[in-house]
Amino acid sequence: MKAISFLGFNKRGYQETTYIHPTQNNEFTTKFIQEALVELYSPDTLYVLLTKTAETGIPDGETESTWNTLNNKLASKVNLQPIKDVPEGHSNDDIWKLFGMLTDCLQDGDCVLFDITNGFRSLPVLALVAVSYLRVVRQVEIKGLIYGAFDAKTSDNKTPIFDLLPIVSLLEWTSATNLFIKTGNGEALSTLLLESKETTTQNLATSIQGIAQGLQLLRPMDVMRESAILPDRISDAASSVSISTPQFAALLGRIKEDYSTFGLQNPTDYQNYPQSSLLRQLKMVEWYAAKGQTVQALSMAREWLPSLLCYHFKLDPLGKENREEMELLLNGGKTKDGKESKYLDDWSKLSRDKKKPLNKLWGGDFNLANLRNDVLHAGFRKNPKNAQDILEQTQNIIKELQNIAQKWNLENEQV
């Protein structure tokens, strides 16, 4: 394991104290947190970042610099590596140089312990950023982000060492949750949940994976089923997850708020809940468009209209023949050889207020079916729509779908 520490300069010299390990029943008395770090954590290599002042400055009453004193104490105990000429300024260039010094100490796959006890100016913040960066870019395993809290020492001169790594973990949880909420990608979040062996967190990870995969692969029934059990699984997992990351409960609330609206326990029960299923599918169309996933939005929108007609004629929308019949109605009700749909008479009796918006959207002014084909065929056709036109037309299509839902008086059944 490697350790990275910062050595500052105190004109009055550092005071001796007994540092207490945060989780083990170990302690060590010294003036230097670096010496306690070596004794309590046993790193193979210790990198010490030094400004010129910290390297050469001699405290009052001493005969050598603080760095020389520390070097003499540790040279025989650990592979001690000074990182000299750390910038002491505040400019952006100084900050980036310092960040580079931090990250250059490490190789891919290293284990590292960060000590920010003597960090000056922006160093603690930089250390937090560096930890998050190294975890992703170099797959570095962070063993701890420690801070010797000298100001919190007890009356018997014992100083606690705090491990701030849970704060970094919260950043990870926040980033993973934000990714899931913003894009529907739940891989990072489910991976974090799966690190726990608790059944409740495993179940929550399964639900998040199910929702994410369902959204990615256009499986609205899967999304509705998993979203229906999501609130209970969040409640069950909240206590166990919060033990390691207390603030994650608030993040779970955001997930529940955003995805539970898709929930329907029996989305294929078209005898009892056809309108509820249609309304949730429409929410998904809106969700896709809001997240910039236009291909999925158009695909779902195109399938929503035949499903609506299946509801009207009390047909199972998952039946291939039923969908073909409804698409035939939307295309005029007759095949090229003159064969009429068996539902054409009933279709012709449908009120104009209900039927006209469907015809307009399917093959009329909006020509949804053709636009969906244009997008799915990647524009490999004569006179394809340009990207901006597709985006604008998608927004108009969603407004029309919402208008249709109102005209058809779609309401959630009691669920």
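The values are calculated or read from the model by the stated rules, or taken from the named source; none is laboratory data. Model, not experiment: these values are computed from the prediction. Methodologically, a virtual Cβ is constructed for each residue, glycine included, from the backbone with ideal geometry; neighbour enumeration extends over all protein chains shown. The accessibility values were calculated without ligands, DNA or RNA, using every heavy atom of the protein model including side chains. Shrake-Rupley method; radii C 1.70, N 1.55, O 1.52, S 1.80 Å.
Inside the range 395-415, can you point out the residues that are surrounded by fewer than 17 Cβ atoms within 10 Å (Cβ to Cβ), in contact (Cβ under 8 Å) with a residue 40 or more places away in the chain and under 32 Å from the mean Cα position of the chain (by Cα)?
Residues satisfying the conditions are 395, 402, 412, 415.
Pairs only if they're at least six apart or on different chains, beta carbon under 9 angstrom, first in the range 74-100 and over 30 Å from residue 42 (Cβ atoms), second surrounded by fewer than 13 Cβ atoms within 10 Å (Cβ to Cβ) and among the small types (Gly, Ala, Ser); list them, first residue then second.
What qualifies is 95/89.
For the subset of the range 244-277 comprising residues that are touching a Leu at 6+ places or on another chain (Cβ under 7 Å) and surrounded by fewer than 21 Cβ atoms within 10 Å (Cβ to Cβ), which member is nearest to residue 163 (Cα to Cα)?
Across the range 244-277, the extreme among qualifying residues is 245.
Search the range 75-98 for residues being more than 18 Å from residue 54 (Cβ to Cβ) and either touching a helix residue (DSSP H, G or I) at 6+ places or on another chain (Cβ under 7 Å) or among the β-branched types (Val, Ile, Thr) (or both), and hand back the single one that is most open to solvent (accessible area, probe 1.4 Å).
Kept after step one, since they are more than 18 Å from residue 54 (Cβ to Cβ), are these residues of the range 75-98: 76-79, 91-93, 96.
Subset that is either touching a helix residue (DSSP H, G or I) at 6+ places or on another chain (Cβ under 7 Å) or among the β-branched types (Val, Ile, Thr) (or both): 77-78.
Working: 77: 94, 78: 15 Å².
Result: 77.
Within the range 282-305, can one find any residue that is open to solvent by less than 40 Å² (accessible area, probe 1.4 Å), touching an Asp or Glu at 6+ places or on another chain (Cβ under 6 Å), assigned to a helix (DSSP H, G or I) and modelled with pLDDT of 95 or more?
no
Please verify whether the range 54-61 includes one or more residues that are of a type in the set (Ser, Thr, Tyr), more than 25 Å from residue 136 (Cα to Cα) and outside any helix (DSSP H, G or I).
no
Out of the residues in the range 203-239 that are in contact (Cβ under 8 Å) with a residue 60 or more places away in the chain and in a helix (DSSP H, G or I), state the one that is most open to solvent (accessible area, probe 1.4 Å).
Applying the first criterion (in contact (Cβ under 8 Å) with a residue 60 or more places away in the chain) to the range 203-239 yields 215, 218, 220, 223.
Filter again for in a helix (DSSP H, G or I), leaving 215, 220, 223.
Working: 215: 3, 220: 23, 223: 1 Å².
Result: 220.
Can you pull out the residues in the range 185-202 that are over 15 Å from the mean Cα position of the chain (by Cα) and surrounded by 17 or more Cβ atoms within 10 Å (Cβ to Cβ)? Even if it seems obvious, please write down each step before you answer.
Of the residues in the range 185-202, the ones over 15 Å from the mean Cα position of the chain (by Cα) are 195-202.
Matches in the range 185-202: 196, 200, 201.
Taking the range 146-174 on its own, how many of its residues are free of Cβ contacts under 8 Å to residues at least 40 places away in the same chain and assigned to a helix (DSSP H, G or I)?
4
Looking only at the range 110-145, filter to residues that are of a type in the set (Ser, Thr, Tyr) and in a loop (DSSP other than H, G, I, E, B); which one of those is surrounded by the fewest Cβ atoms within 10 Å (Cβ to Cβ)?
122
Which pairs turn up if I take residues in the range 101-114 that are closer than 18 Å to residue 6 by Cα and look for partners that are assigned to a strand (DSSP E or B) and among the aromatic types (Phe, Trp, Tyr) with beta carbon separation below 8 Å, at least 6 apart in sequence or on another chain?
Partner pairs satisfying both residue conditions: 105/47.
Which residues, taken from the range 351-394, are surrounded by 13 or more Cβ atoms within 10 Å (Cβ to Cβ) and either touching a strand residue (DSSP E or B) at 6+ places or on another chain (Cβ under 6 Å) or of a type in the set (S, T, N, Q) (or both)?
Of everything in the range 351-394, those that are surrounded by 13 or more Cβ atoms within 10 Å (Cβ to Cβ) and either touching a strand residue (DSSP E or B) at 6+ places or on another chain (Cβ under 6 Å) or of a type in the set (S, T, N, Q) (or both) turn out to be 359, 367, 370, 373, 393, 394.
Name the single residue that is nearest to residue 269 (Cα to Cα) among those in the range 327-339 being open to solvent by less than 100 Å² (accessible area, probe 1.4 Å) and not in a loop (DSSP other than H, G, I, E, B).
Looking only at the range 327-339, we keep the residues that are open to solvent by less than 100 Å² (accessible area, probe 1.4 Å), and these are 327-330, 332-333, 335, 338.
Next, only the ones that are not in a loop (DSSP other than H, G, I, E, B) stay: 327-330.
Values: 327: 22, 328: 24, 329: 24, 330: 24 Å.
Result: 327.
Can you give me the number of residues within the range 344-374 that are in a helix (DSSP H, G or I) and either farther than 22 Å from residue 403 by Cβ or without any contact (Cβ under 8 Å) to a residue 40 or more places away in the chain (or both)? Let's see the steps before the verdict.
Residues of the range 344-374 that are in a helix (DSSP H, G or I), as a first pass: 344-348, 352-362, 368-374.
With the extra rule that they be either farther than 22 Å from residue 403 by Cβ or without any contact (Cβ under 8 Å) to a residue 40 or more places away in the chain (or both), the set shrinks to 344-348, 352, 355-356, 359, 370, 373-374.
Of the residues in the range 344-374, 12 are in a helix (DSSP H, G or I) and either farther than 22 Å from residue 403 by Cβ or without any contact (Cβ under 8 Å) to a residue 40 or more places away in the chain (or both).
With hydrophobic (A, V, I, L, M, F, W, C) and modelled with pLDDT of 95 or more as the only criterion, which of 78, 125, 112 stands out? Even if it seems obvious, please write down each step before you answer.
On the way: 125 fails: modelled with pLDDT of 95 or more; 112 fails: modelled with pLDDT of 95 or more.
So the residue among 78, 125, 112 that is hydrophobic (A, V, I, L, M, F, W, C) and modelled with pLDDT of 95 or more is 78.
Is there a residue being open to solvent by less than 40 Å² (accessible area, probe 1.4 Å) and in contact (Cβ under 8 Å) with a residue 24 or more places away in the chain anywhere in the range 318-326?
No, the range 318-326 contains no residue that is open to solvent by less than 40 Å² (accessible area, probe 1.4 Å) and in contact (Cβ under 8 Å) with a residue 24 or more places away in the chain.
Could you list, in sequence order, the residues of the range 1-41 that are open to solvent by 60 Å² or more (accessible area, probe 1.4 Å), touching a residue at least 40 places away in the same chain (Cβ under 8 Å) and assigned to a strand (DSSP E or B)?
27
Whether any residue in the range 241-255 is under 29 Å from residue 350 (Cα atoms) and not aliphatic (A, V, I, L, M) is what I want to check.
So in the range 241-255, the residues under 29 Å from residue 350 (Cα atoms) come out as none.
Checking the range 241-255: not a single residue is under 29 Å from residue 350 (Cα atoms) and not aliphatic (A, V, I, L, M).
Whether any residue in the range 42-61 is free of Cβ contacts under 8 Å to residues at least 24 places away in the same chain, under 16 Å from residue 8 (Cα atoms) and open to solvent by 50 Å² or more (accessible area, probe 1.4 Å) is what I want to check. Give the derivation first.
The first filter runs over the range 42-61 and keeps only residues free of Cβ contacts under 8 Å to residues at least 24 places away in the same chain, leaving 56, 58.
Next cut, under 16 Å from residue 8 (Cα atoms) only: 56, 58.
Now narrow it down to the ones that are open to solvent by 50 Å² or more (accessible area, probe 1.4 Å): 56, 58.
Looking for residues that are free of Cβ contacts under 8 Å to residues at least 24 places away in the same chain, under 16 Å from residue 8 (Cα atoms) and open to solvent by 50 Å² or more (accessible area, probe 1.4 Å), one finds at least one in the range 42-61, hence yes.
Check whether at least one residue in the range 151-169 is within 21 Å of residue 37 (Cβ to Cβ), surrounded by 20 or more Cβ atoms within 10 Å (Cβ to Cβ) and among the polar types (S, T, N, Q), and report yes or no.
Scanning the range 151-169 turns up at least one residue that is within 21 Å of residue 37 (Cβ to Cβ), surrounded by 20 or more Cβ atoms within 10 Å (Cβ to Cβ) and among the polar types (S, T, N, Q).
Would you confirm, using the coordinates I've provided, whether residue 269 is on the phi < 0 side of the Ramachandran plot and assigned to a loop (DSSP other than H, G, I, E, B)?
Values: on the phi < 0 side of the Ramachandran plot: yes; assigned to a loop (DSSP other than H, G, I, E, B): yes.
For residue 269, the condition - on the phi < 0 side of the Ramachandran plot and assigned to a loop (DSSP other than H, G, I, E, B) - is met.
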